[in-house]
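J.: Take this structure first; my questions come after.
The values are calculated or read from the model by the stated rules, or taken from the named source; none is laboratory data. On a predicted model such as this, the values are computed, not experimentally measured, just so you know. No Cβ is skipped: glycine too gets one built from the backbone with ideal geometry, and neighbour counts run over all protein chains shown. For accessibility, only protein heavy atoms count, side chains too; no ligands or nucleic acids. Shrake-Rupley method; radii C 1.70, N 1.55, O 1.52, S 1.80 Å.
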Amino acid sequence: MKQVYLDYAATTPVREEVVKEMLPYYTEIYGNPSSLYTKGLEAKAGLDEARGRIAALINAEPGEIFFTSCGTEADNWVLEGVADSLKDKGRHIITSRIEHHAILHTCEYLEKHGFEVTYLDTDGEGFVSADTLKKAMRDDTILVSIMMVNNEIGTVEPIKELAAVAKAGGALFHTDAVQALGNIPVDVKELGIDFLSVSAHKIYGPKGVGALYIRKGLRISNFMHGGAQENKRRAGTENMAGIVGFGKAAELAGRHLAEHMEHLSGLRDYFWQQIQKNISGVQLNGPALDKSGRRHPGNLNISFDYIEGEAILLMLDAYGISVSTGSACSSKSLVPSHVLDAIGVSITKMNGTVRFTLGDFTTKEDIDYVVDALTKIVDRLRELSPVTGQEGW
């Protein structure tokens, strides 16, 4: 059976070049990078090279990159670290209603410990406006955290404008760029941000390694305590193979970014055209597909009338096709998407939503195969639906 993977926003396969660069750090260059003998210094050289590669991808300095176990840890570190460091200045944090749960759940934790969080509304495409943020700013606001690209609907937020508003109000600015890195240009200096979270496994690197950008000169409380690793800011022996893999993945992502974006957006647009041509009763959620760069180049979030998204997912899986019903991190939950709810999608359409995310290994033949299978599946499920053709469910 043909296998088609269309859930690149959940995770990506590891590139062969990345695996090749990682392998020696399991079997040959296995020294602890904190050690001063030759094997340790060899490992330290790999650590430094990886840090430089990731810094180059986001136009940062190597000393501003701190390795973590994942993007979620980086998000936790920023929110908890800033809260602890600046609690005497203020206890107000601003974020949006459509953030990843790594942000939302950490904010809920902070609310239980004496902090106040404002959750900004978005428009119908998922955009946070600078005016909305400006109205929410207060004298005691210490941090604003708005994601760069939404993981469900692909909205690319106006980060530069939002960061400027935060700075004007005397607050620090963080962005979760896990879905942005390697998919759109990311320049921390141009954007004017203070903190940025990223993860290797979204850019064809290994799982279990992420990074936090901390602008030079800023100090926040440490998230982990112990040894002197990561310039005494994040304790624990480094995941050397994972970090080296992350560095190689970052180097490849930067080298092929323009080609990658063109490949994804072209296939994405073709995919949506074919769905519209072959299937009625569909709705695209999030920004329109155009050349403005307002949407992740490989994201399609689609609601299918009168049928359950989970039924579509399971039947596509029988064809060897992997997709998501929304955020992969909450795919086992029966709770409707908080992102779709925030942008005003009805509960009935939420229940019929599937997220397709494309990647470098996706081909036009894959898309044709998926459209053919999807058309048959939707027709079959609507035949079985007791509400087909009725208003609502």
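J.: Mind checking the per residue accessible area of the chain for me, 1.4 Å probe, whole number of Å²? Let's see the in-between values first.
T.: Values: 16730 Å² over 393 residues.
About 43 Å² of surface per residue is accessible.
J.: Keeping all protein chains in position, work out how much accessible area Tyr5 exposes to a 1.4 Å probe, and write it in Å² to the nearest 10.
T.: 80 Å²
J.: Sorted by average packing, counted as other Cβ atoms within 10 angstrom per residue and highest first, what order do 48-57, 67-76 take?
T.: Working: 48-57: 21.2, 67-76: 23.6.
Final packing ranking: 67-76, 48-57.
J.: Percent of accessible area on region 239-370 owned by carbon and sulfur, 1.4 Å probe? Could the numbers behind the result be given before it?
T.: Numbers: 2850 of 5370 Å².
That share works out to 53 percent.
J.: In a shell of Cβ-Cβ distance under 10 Å around Ala102, excluding Ala102 itself, what net charge do Lys and Arg (+1) and Asp and Glu (-1) give? Mind dumping the intermediate values first?
T.: Numbers: positive: none; negative: Glu73, Asp75, Glu99, Asp176.
Here the count lands on -4.
J.: Next question, about the same structure. Taking the Cα atoms of region 238-278, what is the range of coordinates along each of the three principal axes, in descending order and whole Å?
T.: 50, 19, 7
J.: A follow-up question, please. Helix 71-86: angle to the longest alpha-carbon principal axis of the chain, degrees 0 to 90, nearest 10?
T.: For 71-86 against the chain, the angle is about 50 degrees.
J.: Could you give me the radius of gyration and the Dmax of region 268-317, taking only the C-alpha atoms into account and expressing both in angstrom?
T.: When restricted to the Cα atoms of region 268-317, Rg and Dmax are 11.9, 34 Å.
J.: Can you list the equivalent-ellipsoid semi-axes of region 216-352, largest first and in whole Å, using the square root of 5 times each Cα gyration tensor eigenvalue? Working shown, then result.
T.: Working: eigenvalues 276, 90, 53 Å².
Square roots of five times the eigenvalues give 37, 21, 16 Å.
J.: Got a number for the accessible area of Asp360? Probe 1.4 Å, square angstrom, nearest 10.
T.: We get 40 Å² for Asp360.
J.: If you rank Val339, Val19 by how much accessible surface each has, with a 1.4 Å probe, what is the order from largest down? List each step's numbers first, then the result.
T.: On the way: Val339 0, Val19 60 Å².
Descending order: Val19, Val339.
J.: How would His174, His256 line up by accessible area, probe 1.4 Å, largest first? It would help to have the intermediate numbers written out before the result.
T.: Details: His174 0, His256 75 Å².
The ranking, largest first, comes out as His256, His174.
J.: Please give the FRET efficiency for Asp48 paired with Ala130, using the beta carbon to beta carbon distance and R0 = 22 Å, rounded to the nearest 0.05. Can you show the working numbers first?
T.: Numbers: r = 38 Å, r/R0 = 1.73.
About 0.05, to the nearest 0.05.
J.: Taking the Cα centre of region 3-123 as origin, work out the dipole magnitude from +1 charges on Lys and Arg Cβ and -1 charges on Asp and Glu Cβ, in debye rounded to 20.
T.: 280 debye
J.: Roughly speaking, what is the centre-to-centre gap between region 293-313 and region 155-208 when only Cα atoms are used, to the nearest Å?
T.: Taking the Cα centre of region 155-208 as reference, the centre of region 293-313 is 24 Å away.
J.: Could you give the angle, 0 to 90 degrees to the nearest 10, between helix 257-278's Cα long axis and the longest principal axis of the Cα atoms of the chain?
T.: With both axes taken from Cα atoms, the answer is about 20 degrees.
J.: For the chain, what is the charge dipole size about the Cα centre, in debye to the nearest 20, if Lys and Arg each add +1 at the Cβ and Asp and Glu each add -1 at the Cβ?
T.: Numbers: 40 positive and 52 negative charges, 133 e Å.
The calculated dipole for the chain is roughly 640 debye.
J.: Place the peptides 235-241, 199-205 in order of packing, highest mean first, counting for every residue the other Cβ atoms within 10 Å and averaging per peptide.
T.: Values: 235-241: 17.7, 199-205: 27.4.
Descending mean neighbour count gives 199-205, 235-241.
J.: Another one. Can you send over the carbon and sulfur percentage of the accessible area for region 74-202, probe radius 1.4 Å, protein chains only? Write down the numbers at each step before the final one.
T.: Values: 2140 of 4390 Å².
Result for region 74-202: 49 percent of the exposed heavy-atom area is carbon or sulfur.
J.: Distance between Cα centroids, region 241-266 to region 4-80: provide it in whole Å.
T.: 14 Å
J.: Calculate, for Asn278 and Ser322, the FRET efficiency according to 1/(1 + (r/R0)^6) with r their C-beta to C-beta distance and R0 25 Å; round to the nearest 0.05.
T.: Working: r = 20 Å, r/R0 = 0.82.
Taking R0 as 25 Å, the efficiency between Asn278 and Ser322 is 0.75.
J.: Something else now. Taking region 1-72 on its own, what percent of its Cα-Cα pair distances exceed 17 Å?
T.: Numbers: 1589 of 2556 pairs.
Cα-Cα pairs of region 1-72 separated by over 17 Å account for 62 percent.
J.: Pairs of alpha-carbon atoms within less than 8 angstrom and 6+ residues apart define the contacts here; what relative contact order does the chain have, in percent? Mind dumping the intermediate values first?
T.: Working: 776 pairs, mean separation 87.2, N = 393.
It comes to 22 percent, rounded to a whole number.
J.: Got a sec? What order do Glu262, Glu310 fall in by accessible area at 1.4 Å, biggest, i.e. largest, first? Please report the intermediate quantities before stating the final value.
T.: Numbers: Glu262 135, Glu310 95 Å².
Largest accessible area first, the list is Glu262, Glu310.
J.: Please list, in order along region 191-197, the HN-Hα scalar couplings obtained from phi with the Karplus expression 6.51 cos²θ - 1.76 cosθ + 1.60 (θ = phi - 60°), rounded to whole Hz, x for Gly and Pro.
T.: Each residue's phi maps through the Karplus curve to give 6, x, 9, 9, 9, 8, 9 Hz.
J.: Another one. Would you calculate, for the chain, the mean residue ellipticity at 222 nm contributed by helices, counting each DSSP H stretch of 4 or more residues as -39,500 (n - 2.57) and dividing by all residues, to the nearest 500? Intermediate results must be reported in sequence, preceding the final value.
T.: Values: 15 runs with 162 residues, N = 393.
Computed ellipticity for the chain at 222 nm equals -12500 deg cm²/dmol.
J.: Shifting gears a bit: How far is helix 101-111 tilted off the main Cα axis of the chain, in degrees rounded to 10, range 0 to 90?
T.: 60 degrees
J.: Restricting attention to the alpha-carbon atoms of region 134-246, what are Rg (one decimal) and Dmax (integer), both in Å?
T.: Taking only Cα atoms of region 134-246, I get Rg and Dmax of 15.3, 45 Å.
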